[in-house]
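Colleague: The structure follows.
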Amino acid sequence: MLSSRLLWEAIREIPTVGVVRHDVKKKIYDIALADGRDCRLVPSTNPTSTTLYKILISVKARNGIIIAPHPSAVKCSAEAARGMLEAGERAGMPKGLVACMTRVSLPGTQELMRHKYIALILATGGSEMVRAAHPVGKPAMGWARQCPSLR
């Protein structure tokens, strides 16, 4: 509920493309443009909610998205992406705007991140996963969970 319905209710009215802010006194317009296709790395710890969240924020900004799930979370991530794709297309979203890797490997994910049509990488998960997104030469944002030592 939090990563889908409540999130959508919170962001639905926020402009993300076109004129997003206008300062009448300074005569300044802030204009946001879609950046293309996003690569979103999804962790194994909360794969379905993260997949739903990342699809909503990408599509809200009118960007295509390819989900790159953790290898141990491929099935549930792909099913969550499929459900969002079907619902989005029924609501008028362009066909093929949402995709999910179903055969996942480190080389495959690295190739996806480096692909010429990927404009932004958003990585969520462990610090190794987040660090892997930064050296590919594209804008990348990351959220790493910090797990205390169990010693």
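We did not get these values from a lab; they are worked out from the coordinates using the rules stated. As the structure is a prediction and not an experimental result, all values here were calculated from the model. All Cβ positions, even for glycine, are placed from backbone atoms using ideal geometry, and neighbour counts span all protein chains on display.
Colleague: Please list the non-local residues whose amide H lies under 5 Å from the amide H of Gly36, H modeled 1.01 Å from N, same-chain partners needing a gap of 5 or more.
Modeller: Here the answer is Gly64, since their amide H atoms fall under 5 Å of that of Gly36.
Colleague: Take the cross-link list Lys54/Lys116; Lys25/Lys138; Lys27/Lys60; Lys25/Lys54; Lys75/Lys95; Lys95/Lys138 and give me the ones stretching past 32 Å between alpha-carbons.
Modeller: Long pairs (Cα-Cα over 32 Å): Lys25/Lys138; Lys25/Lys54.
Colleague: Around Leu122, which amide H atoms from residues at least 5 apart in sequence, or from another chain, sit under 5 Å from its own amide H, with H modelled in the peptide plane?
Modeller: Cys39, Arg40, Leu41, Met141
Colleague: If you don't mind, another one. Need one number: nm distance between label points at Lys116 and Lys60, each 7 Å from Cα along Cα→Cβ, rounded to one decimal.
Modeller: 3.2 nm
Colleague: Also, quick follow-up: Distance in nm between label sites at Glu128 and Lys26, each 7 Å beyond Cα in the beta-carbon direction?
Modeller: Simple spin-label model gives 4.4 nm for this pair.
Colleague: How large is the helix-only mean residue ellipticity at 222 nm for the chain, computed as the sum of -39500 (n - 2.57) over DSSP H runs with n ≥ 4, divided by its residue count, in deg cm²/dmol to the nearest 500?
Modeller: Estimated from H runs of four or more residues: -10000 deg cm²/dmol.
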